[in-house]
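The values are calculated or read from the model by the stated rules, or taken from the named source; none is laboratory data. Just so we're clear, the structure is a prediction, and the values are computed from it rather than from any experiment. Positions of Cβ are generated from backbone atoms using ideal geometry, with glycine treated the same way; all protein chains shown enter the neighbour counts. The area values use the complete protein model at the heavy-atom level, side chains included, leaving out ligands, DNA and RNA. Shrake-Rupley method; radii C 1.70, N 1.55, O 1.52, S 1.80 Å.
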Amino acid sequence: MRRLGLLLLPEFSNLGLAAVTEPLFVANWLAQRPLFEWRSVSVDGKPVRASNGALLTVDGDLAAAKECESVFVLASFEPLQSARSRLLTRWLQRAARSGVELGGIENGSLALAEARLLDNHPAAIHWDNLAGFQELFPKVRIVSAPFSVTPNRITCAGAAAILDMMIAWIARHADAQVADEVGRHLLLARSSTARDEPRRDDTIGRARALMQAHIDDPLPCAAIAERLNISLRQLERRFKQALGRTVHAEYRLVRVERAHQYLQQTRLSVTEVAALTGFSSVEYFSKVYRRAFAVLPSIDRRQATDAPVFRRHGSSGYTGATNHPGPTNHTGPTTRRRTPS
């Protein structure tokens, strides 16, 4: 688990804070274990007012972040007075000497630059702050990218770019599979790093489109291959190479995913869901579903943070887990996983 401190300076952007923390929450939710823990701090431990006027209570002062391996400084309006605090500057310099990964979000980079922690480092700066930043800190190498990640230094221009930065950060400190899934849930358009992403092979993408179109009355795998003008053997080989599973296993995965959505998002009965997802009997459907999620389909009727989670896992197919850590940022789950045969 990686611990992240979020140092909020007065007039920070509430949007920026949400863009940092929501991907972390989604990563923990998908993994069903605490990959990341985060806490918000201020220089003096007192509540901090955001640029939109909201007053946010924090978890403590600078000392509360002493166990964090990474610290992001968040600032937006009126950043110079806070950034030039000797207490803050010295604290950041000590953190840098101890190997803490430091990040500047929007004008949070000003605090790092004031502490001379961005000298000769690349930095991504919001266009509206660029001229002043360059005048104040000529030793910092400005980049045109929306964010920059180097060993122990991260900068981000802010706003929507924070989400993309967090996906890259999660991939760096967790794994690319989790990062890709987080991006998918947040509807981010980014190049996939997931092993089972169908767009890497157009044939697999078209095969999955056929599966999606024939969920209630599944096509024979040979019929899918025929419609794609490819032999079943060739299709099986592509699925095994790209996804690590057979065409039949992928088709079952597609159907279980749809069943999971129906169960949590509608009031359809288990019998109706089984029929709509092409299972020959409720008994067989329940068996497959329980293998996937460790619960019977009749129990999985809530779309909540502590409900079973559907995930794609390359060669291992799909897993289900319970006991999510919940929306708080400090507690961890007990994980149970099952993989179907």
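Just one of (1) touching an Asp or Glu at 6+ places or on another chain (Cβ under 9 Å); (2) within 21 Å of T277 (Cα to Cα); (3) open to solvent by 60 Å² or more (accessible area, probe 1.4 Å) trips up L232, so point out which.
(2)
Counting only residues that are in contact with an Asp or Glu (Cβ under 8 Å, 6 or more places away or on another chain) and of a type in the set (A, V, I, L, M, F, W, C), which one in segment 138-155 is nearest to W169 (Cα to Cα)?
Out of the qualifying residues, it is I154.
Does V270 qualify as being surrounded by 14 or more Cβ atoms within 10 Å (Cβ to Cβ) and modelled with pLDDT of 95 or more?
Spelling it out, V270 is indeed surrounded by 14 or more Cβ atoms within 10 Å (Cβ to Cβ) and modelled with pLDDT of 95 or more.
Please identify the pairs in which a residue from segment 283-297 that is touching a residue at least 40 places away in the same chain (Cβ under 8 Å) has its Cβ atom under 9 Å from the Cβ atom of a residue that is in a helix (DSSP H, G or I) and open to solvent by 20 Å² or more (accessible area, probe 1.4 Å), counting only partners at least 6 apart or on another chain.
Filtered contacts from segment 283-297: V288/R252; V288/R255.
Could you tell me whether I162 is out of contact with any strand residue (DSSP E or B) (no Cβ under 6 Å at 6 or more places or on another chain), closer than 27 Å to M1 by Cβ, part of a helix (DSSP H, G or I) and open to solvent by less than 10 Å² (accessible area, probe 1.4 Å)?
For I162, the condition - out of contact with any strand residue (DSSP E or B) (no Cβ under 6 Å at 6 or more places or on another chain), closer than 27 Å to M1 by Cβ, part of a helix (DSSP H, G or I) and open to solvent by less than 10 Å² (accessible area, probe 1.4 Å) - is not met.
Is there any pair linking a residue in segment 157-171 that is without any contact (Cβ under 8 Å) to a residue 24 or more places away in the chain to one that is among the polar types (S, T, N, Q) and open to solvent by 10 Å² or more (accessible area, probe 1.4 Å), with Cβ under 7 Å and at least six apart or on different chains, and which?
Cβ pairs passing all conditions: A171/T193.
Go through segment 16-59 residue by residue and tally those that are in contact (Cβ under 8 Å) with a residue 60 or more places away in the chain, under 17 Å from A159 (Cα atoms) and either touching a helix residue (DSSP H, G or I) at 6+ places or on another chain (Cβ under 8 Å) or among the acidic types (D, E) (or both).
6
Name the single residue, out of those in segment 29-40 being open to solvent by less than 10 Å² (accessible area, probe 1.4 Å) and not in a loop (DSSP other than H, G, I, E, B), that is modelled with the lowest pLDDT.
The extreme case among them is A31.
Would you point out the residue of segment 97-113, among those that are under 20 Å from K66 (Cβ atoms) and under 26 Å from the mean Cα position of the chain (by Cα), that is surrounded by the fewest Cβ atoms within 10 Å (Cβ to Cβ)?
Of everything passing the filter in segment 97-113, G99 is surrounded by the fewest Cβ atoms within 10 Å (Cβ to Cβ).
So, of the residues in segment 1-18 that are more than 20 Å from A111 (Cα to Cα) and outside any strand (DSSP E or B), which turns out to be most open to solvent (accessible area, probe 1.4 Å)?
M1
Among V58, V71, V26, V43, which is the only one that is of a type in the set (V, I, T), part of a helix (DSSP H, G or I) and either on the phi > 0 side of the Ramachandran plot or modelled with pLDDT of 95 or more (or both)?
Only one candidate qualifies: V26.
Does V149 satisfy being out of contact with any His (no Cβ under 7 Å at 6 or more places or on another chain), open to solvent by 10 Å² or more (accessible area, probe 1.4 Å) and in contact (Cβ under 8 Å) with a residue 40 or more places away in the chain?
No: the conditions fail for V149.
Would you be able to tell me the number of residues in segment 114-143 that are within 19 Å of Q81 (Cα to Cα), open to solvent by less than 70 Å² (accessible area, probe 1.4 Å) and among the charged types (D, E, K, R)?
The number of residues fulfilling the criteria is 1.
Within the bounds of segment 80-93, is there any residue that is open to solvent by 30 Å² or more (accessible area, probe 1.4 Å), more than 23 Å from R2 (Cβ to Cβ), among the small types (G, A, S) and within 27 Å of the chain's Cα centre (by Cα)?
No.
May I ask you to list the residues in segment 273-301 that are of a type outside the set (A, V, I, L, M), under 21 Å from L219 (Cβ atoms) and open to solvent by 30 Å² or more (accessible area, probe 1.4 Å)?
S280, S281, Y284
Determine whether segment 206-221 contains at least one residue that is over 27 Å from R290 (Cβ atoms), open to solvent by less than 60 Å² (accessible area, probe 1.4 Å) and not in a helix (DSSP H, G or I).
no
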